[in-house]
Structures are given as structure tokens and as C-alpha cells.
Amino acid sequence: MNNLALLDKVNELEKTMCEMEQRECPVWHFFAPGLYARQMLILKHTCLTGVVHKTEHLCIISGDIEVTTDNGVRRIKDQQRILVSKPGTKRAGFTREDTIWTTVHATTTTDLDALVEELTESTNAELLGGSKNKQFLLNQAKRGLIKE
């Protein structure tokens, strides 16, 4: 399957997932000279999609997750693995156990809002926990807290 076909499938999955309850995934941010790392805890039995990244970066994974890669769906289990993620990549995954996913980016930017716009095709408000996150907005509408 080529990358555009995979991207279409991940986007379709994401549309379906937007109708479901959102699960919290805690995120931590780390900085070193010229580097930014974003680490996320993905709880067992979580299905998720990522954002489209603009830059090549590293993904460090520890846990048990089935995830889309350039070579199809791959299960990463038991030991820490490193994937190189190319620009334009958007992933989907399902965790079989709690999983830590860390992305490492070369950048000198330290402002989180600016970082998201520099590195992805999203804004910080659209990411998990953000006020413009699709799942968050849909869940709020379902609870009658906002109008769709």
C-alpha cells in the first residue's frame, strides 16, 4: 500500500473514532539544546491516530502497540524500538498494553504552540486535550455542554 492510500485509511479511521469517547493520554515535554521530545502515555486498549508531521523525526516506543508504518502494520512489543518518521506521515495504532511513545525533533523552538505549528499540520488546540480537538468537541456536544 502506498503512503497516500495509507493516509486515506488512517483519516477514515480517525473520522470514525471522532464519534467515540476520547481517552486521556498524559503528555510530557522535554528540551535539550537543539532538541524537543514529546512523550505520551497511551493506556492499554487505546486506539489512536497521530497528526501529520512536517519534518523527519524519531519515534521511541516502549510497550505493546500495533501501529501503521511505511511497511504496513507492525506490532512493537516488549522492548524499546526506534522508528524514523518521514515528513507527511500520519500513524494509527492500538495498544495491547500501556505504551510510552516519544517523538524527538531537531528544533530550537521552545514555545509549545509554535512547536506544534512548526512540526505538524495541526495547532496545539487541536491535539489531545486541546480546546479545538475534534473528539473533545464532539464529547462536549454529546454531553450538552456545547452545540455541535
Any residue on another chain or 5+ positions along whose placed amide H is under 5 Å from the amide H of residue 69 is listed here as 74
Amide H proximity to residue 46 below 5 Å, modelled H, separation 5+ or other chain, gives 95
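Here, each number is a calculation from the coordinates, and none is a lab measurement. Values in this document were obtained by computation on a predicted structure and should not be read as measured data.
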